[in-house]
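Okay, so here's the structure we're looking at.
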Amino acid sequence: MSAQSAVLMGRKRTRDFDLPPRLYRRGARFYYVTHERRWIPLGTDLARAKRLWADYECLGCAGNVPDLVDRYLADCMAGRAASTVKQYRSFANTIRREWPTTPADLLQPHELARYRDRSPPGWANGVLSLLRVAYAKGIEWGWVATNPAALVRFNAMPVRERTLTDAEFRTIRAGLPAWGRVWMDLSYCTALRPSDALALRWEQVGDALTSRTRKTNVRQAFAIGEGLREVIEEARNRPILGLYVVASDKGRPITLRRLQAAWRAVCVAHSIADAQPRDVRATAATAAEAAGLDYQAMLGHSERRMSDRYVKGKRTITAPTLRRKI
């Protein structure tokens, strides 16, 4: 009797006990065996084979909620920023604790709403966001028919209104090491995110300063005016140039964690409350808007409403008037 015939007649496994039912390994390849005795090749990658096995085995009756989220993280995170991947994995851990055995197609909107109402607002929004995109993919995969997370509203979050005053900006800048001053000037001139400014390499500096944002993958080219040129020349004057625009005197790159630690130390020493490195970006956007510059282009957003969140302070809207009717 052939091995395949024995398998289909219900004979117990004698090997590959790590594989789920109806998933078999033959040489380097994996196969899913249907009830009609058809062997469907699933490739040579075990993780991918198990995900495809779930499609065939659980079509119309998906696994648990964590199974759906795990597949989304495995299949759909290519090209995402490392910080986004890290956040989503943390949200996934919460989902595993909250709904460890709930079938994916039985999760109800009211369960999500109850979780949202008893959890920290920002964290709950992150969990809901991950569930929304995972269930949207689950519908495409045939795991579920509806998206319960799409029916639950996010928590309303207050917009951060913090910017740095001129005095705070100068105080923090003066307290940072030389590489920190370069980073602060570069961030203010371009409104780049802290991590994007730290990641700039000298090969990106030419007739313009080019950048591809890690978060949104947007390409930007900043004109090198007088102010930005001075910052770049100062960065070139360190003893060892290295590969990065913002670097130590030995030419080594600066991590975001190191920047945050240096920033906190200066703020504590000078009693500057609730200031964060990202506030430089908001301060730059606010100054650009006040100067009539295209702050949306500086921030790299596709929609103006996103850029407007970075412009702080209450603005007076200039409204037109009509001639009176006679």
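Taking the range 191-228 as the range and being open to solvent by 20 Å² or more (accessible area, probe 1.4 Å) and assigned to a loop (DSSP other than H, G, I, E, B) as the test, the residues that pass are ARG193, ALA199, GLY206, ASP207, ARG214, LYS215, THR216, ASN217, VAL218, ILE224, GLY225. Restricting attention to the range 245-262, the residues that are in contact (Cβ under 8 Å) with a residue 12 or more places away in the chain and either among the aliphatic types (A, V, I, L, M) or surrounded by fewer than 16 Cβ atoms within 10 Å (Cβ to Cβ) (or both) add up to 11.
For the range 112-143, what are the residues that are part of a helix (DSSP H, G or I), over 17 Å from TYR88 (Cβ atoms) and open to solvent by 70 Å² or more (accessible area, probe 1.4 Å)? Listed by number, the residues that qualify are ARG114, ASP117, ILE139, GLU140. Please tell me if GLY242 is assigned to a loop (DSSP other than H, G, I, E, B), in contact with a Pro (Cβ under 9 Å, 6 or more places away or on another chain), surrounded by fewer than 20 Cβ atoms within 10 Å (Cβ to Cβ) and among the small types (Gly, Ala, Ser). Yes: the conditions hold for GLY242. Annotation note: of ARG170, ARG96, the sole residue that is out of contact with any Phe, Trp or Tyr (no Cβ under 7 Å at 6 or more places or on another chain), closer than 30 Å to SER248 by Cβ, open to solvent by 50 Å² or more (accessible area, probe 1.4 Å) and at pLDDT 90 or above is ARG170.
Of the residues making up the range 3-13, none is modelled with pLDDT of 75 or more and open to solvent by 60 Å² or more (accessible area, probe 1.4 Å). Pairs linking a residue in the range 182-204 that is within 15 Å of ARG214 (Cα to Cα) to a residue that is of a type in the set (S, T, N, Q) and open to solvent by 20 Å² or more (accessible area, probe 1.4 Å), with Cβ atoms under 6 Å and 6 or more positions apart or on different chains, are GLN204/THR210.
Filtering the range 146-162 to residues that are among the β-branched types (Val, Ile, Thr), open to solvent by 40 Å² or more (accessible area, probe 1.4 Å) and within 14 Å of ALA113 (Cβ to Cβ) leaves nothing.
Output the residues belonging to the range 55-84 that are modelled with pLDDT under 75 and open to solvent by less than 50 Å² (accessible area, probe 1.4 Å).
Initial filter on the range 55-84 (modelled with pLDDT under 75): 55-63.
Answer for the range 55-84, where residues must be modelled with pLDDT under 75 and open to solvent by less than 50 Å² (accessible area, probe 1.4 Å): ASP55, CYS58, ALA62, GLY63.
Remark: pairs (first residue in the range 119-147, basic (Lys, Arg); second residue open to solvent by 50 Å² or more (accessible area, probe 1.4 Å); Cβ separation under 8 Å; 6+ apart in sequence or on different chains) = ARG132/ALA150; LYS137/ASP75.
The set of residues in the range 86-114 being within 14 Å of ALA134 (Cβ to Cβ) and of a type in the set (Val, Ile, Thr) consists of THR94, ILE95, THR102.
The values are calculated or read from the model by the stated rules, or taken from the named source; none is laboratory data. All values derive from a computational prediction rather than experimental measurement. Note that each Cβ is placed from the backbone with ideal geometry, even for glycine, and that neighbours are counted across all protein chains shown. Surface accessibility is based on the protein's heavy atoms, side chains included, excluding ligands, DNA and RNA. Shrake-Rupley method; radii C 1.70, N 1.55, O 1.52, S 1.80 Å.
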